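Beneath this line is the structure, given in structure tokens, with notes to follow.
Computed from the coordinates by the stated procedures, all read-outs in this text should not be read as laboratory data. Predicted model only: the values in this text are computed from it and were never measured. Note that each Cβ is placed from the backbone with ideal geometry, even for glycine, and that neighbours are counted across all protein chains shown.
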Amino acid sequence: LNSPLELYTTELGGKTGISPYKIKVERRLSDLLDYFSDREASEEILRGGEDPIIYEVYEIPFEPLEGLLNVGCTVIYPGKVGDEYYFTKGHFHEKESTSEIYIGMKGEGIILIQDHEGKAVNIKIKPNVLVYIPPGTAHRTVNVGREKLVFIAIYPSDAGHDYETVRTKGFARVVLEEDGKPIIKDNPRYKRE
Ligand code: PAN
Ligand code: ZN
């Protein structure tokens, strides 16, 4: 990890969105089996001997400490499982008071944002758009384009990530391809609290 007392710079752009970075995380279809709506479609792809990369995250993280900011760059590949576009797992922050900034770099996507009651909004992300994600909300990013979706995230290093709530309850909305275009629908499988 970088020392929080030392200045750093990283260059924006290129395949990894930031360079240099410290950590690379790779998420494949097999990591996301509990997340995509069409489990049968997921298993079909895996049975075919493929386990495609869904997204990668390149990070410059600090230890969890109030006042420090982490930077991460997410690259979501273009693609679908059944009719559902590739997306990130999505999460609430464990520390409920923490917010986050996303900045679009390449490609186009939709961020699904919802609170614990399931009140949901969706917002476009694309190059030169900055999105503020308020505290207490789950956020998932969906790549609805034909190229990779690349965006930068800046968030408190002590935010913590709660994946379990989203894994077990799902998101209130899903983004599907219909007639070659993305449409946002209520998720029939969403388990409201
Ligand atoms: C982002 C996300 C990143 C990957 O940096 O962590 O896009 O998504 P998941 O964490 O849901 O797999 C962020 O929101 N950090 O807080
Ligand atoms: Zn987050």
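Quick notes on this structure:
- Given in Å, the Rg to one decimal and the Dmax to the nearest whole number for the Cα atoms of the range 1-53 are 17.3, 49.
- Report note on the peptides 140-151, 33-44: ranked by the mean count of other C-beta atoms within 10 Å, highest first, their order is 140-151, 33-44.
- Computed Kirkwood radius, in angstrom, where 1/r is averaged over Cα pairs of the range 68-193: 14.6 Å
- Test item: Cα-centred dipole of the chain, Lys/Arg +1 and Asp/Glu -1 on Cβ, debye: 420 debye
- One quarter of the convex hull surface built on the alpha carbon atoms of the range 55-137 amounts to 6.3 nm², the projected area averaged over directions.
- Full extension of the chain segment joining L130 with I23 gains 36.2 nm, where the gain is 0.36 nm per residue of separation less the Cα-Cα distance.
- Kirkwood hydrodynamic radius of the range 1-108, from inverse mean 1/r over distinct Cα pairs, in Å: 15.9 Å
- Here the gap between R47 and K95, fully extended at 0.36 nm per residue and compared with their Cα-Cα distance, gives a gain of 13.4 nm.
- Helices in the chain, meaning DSSP H runs of at least 4 residues, each add -39500 (n - 2.57). Divided by all residues, the mean residue ellipticity at 222 nm is -2000 deg cm²/dmol.
- Label separation (K191 vs I123): 2.9 nm, computed from points 7 Å beyond Cα along the C-beta direction.
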